[in-house]
Amino acid sequence: MVNNILFDCQLLQNVPSPLCGHELPLSRSRGYKAKCLSCGSFWDLDTFTAGPNYDASYPILRSHYNPKVGENKVKTLQSWLKKLGINLSTLTVCEVGFGGGHCLKFLMEISGNVFGIETIAENIEHARSLGLEMDRLFFAHALPSELPSRIDLWLFQDSFEHLADPAAFFDWLSKNSSEQAQLLIVLPEAGSISERLLGRFWPHKLNDHRFHWSRKGLIGFLSVRKFNVSTFFRPVKYISLATIVAHIMQKMVTPKGLSEWIERAHSFDLRFHFNIGEMGILLRKNR
Ligand SMILES: [Zn+2]
């Protein structure tokens with residue numbers, strides 16, 4: 001074991017420190033993981049040569065603007081809010097990484113106040129086309145030091161794992177949180193049964209998921225920032241056949257071929273209700 005770790009440390013000397021914040025050396029696992037020995041979170045080394053491409057093609061290849069996809073995302077979010085007993089009518093909400101903006105539009109209708117943060121300019125334009133005002137929308141790389149209002153609920157729907165520098169982002173988030181702020185986070189779980197069983201075939205092993213968080217790593221990272229777990233939940237999703245095809249085809253074909261497959265899948269209005277290896281956590285700020 002010790003020899004393996006020493007050998008792996010030599011191999012991994014150019015890998016950055018894990019985002020979970022642990023200082024221990026990383027261990028190579030299954031050929032593609034640079035794993036934190038303290039919490040089990042890991043870098044996917046395969047993504048270091050084929051990283052994410054957050055441009056206009058990103059939402060198109062994932063059908064983020066498709067109304068059926070948006071309808072499923074809203075229905076899914078509604079089911080989680082109901083399960084968690086969260087009433088947004090008087091709360092100020094901020095969705096981090098709102099993608100196509102369908103959920104942001106829904107949140108605007110049911111919340112006291114709403115803001116959204118995005119990396120992709122075309123996603124901001126799409127949210128505007130859905131009726132969101134520009135003063136509610138912010139570019140991730142040009143955030144103001146203070147939002148117009150303190151946030152009561154931060155929503156991360158499959159976006160937390162995309163944060164390149166979560167420590168810096170949470171410094172900013174903490175300054176913009178209300179006294180009773182909560183975090184609602186859904187993301188793939190390193191160390192889940194499906195992740196361990198499926199390995200390279202895990203559906204969440206994608207080029208835009210460079211760092212995979214374990215439950216222990218995520219809780220530790222957030223507790224240092226004074227957010228403690230309120231509830232764990234199983235984040236079951238409503239997912240269309242087209243979304244499933246898009247996930248599978250991202251691993252198998254070129255973007256051009258991918259677009260053709262997704263278009264074919266959208267002709268079938270099938271909807272599934274499941275979860276593969278994702279965790280849902282609601283956290284509350286310490287007072
Ligand atoms: Zn760790």
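The values are calculated or read from the model by the stated rules, or taken from the named source; none is laboratory data. The model shown is predicted, which means the values in this text are computed figures rather than measured ones. Here Cβ is always computed from backbone atoms with ideal geometry, including for glycine, and neighbour counts include all displayed protein chains.
Applying a threshold of 8 Å to beta carbon distances and a minimum spacing of six or more residues, or different chains, the list of pairs starting in the range 276-287 at a residue that is acidic (D, E) and ending at one that is at pLDDT 95 or above reads E278/V186; E278/L187; E278/P188; E278/E189; E278/S192.
If you scan the range 179-197, which residues turn out to be surrounded by 18 or more Cβ atoms within 10 Å (Cβ to Cβ) and in a strand (DSSP E or B)? Passing the criteria: A181, Q182, L183, L184, I185, V186, L187, P188, A190. Just one of the numbered conditions (1) at pLDDT 80 or above; (2) away from the ligand (no atom under 15 Å from the Cβ) is not true of A34: (2).
Filter the range 57-105 down to residues that are of a type in the set (G, A, S) and surrounded by fewer than 20 Cβ atoms within 10 Å (Cβ to Cβ) and give me whichever is modelled with the lowest pLDDT.
Ranking the candidates gives S57 first.
Within the range 102-124, residues that are within 14 Å of M134 (Cβ to Cβ) reach partners that are acidic (D, E) with beta carbons closer than 8 Å, at six or more positions or on different chains, in the pairs L104/E95; V114/E95; F115/E95; G116/E95; I117/E95; I124/E118. Look through E118, E109 and report the one residue that is more than 14 Å from V93 (Cβ to Cβ), acidic (D, E) and assigned by TED's automatic domain parsing to the domain that holds N87. Result of the check over E118, E109: E118. Taken as a whole, the range 8-19 holds at least one residue that is among the hydrophobic types (A, V, I, L, M, F, W, C), more than 16 Å from the ligand (Cβ to nearest atom), surrounded by fewer than 16 Cβ atoms within 10 Å (Cβ to Cβ) and modelled with pLDDT under 65. Among the conditions (1) without any contact (Cβ under 8 Å) to a residue 60 or more places away in the chain; (2) closer than 21 Å to G280 by Cβ, the only one that R150 does not satisfy is (2).
Modelled with pLDDT of 70 or more, part of a loop (DSSP other than H, G, I, E, B) and surrounded by fewer than 17 Cβ atoms within 10 Å (Cβ to Cβ): does that describe R200? Please lay out each step first, then the result.
Numbers: modelled with pLDDT of 70 or more: yes; part of a loop (DSSP other than H, G, I, E, B): no; surrounded by fewer than 17 Cβ atoms within 10 Å (Cβ to Cβ): yes.
The answer is no for R200.
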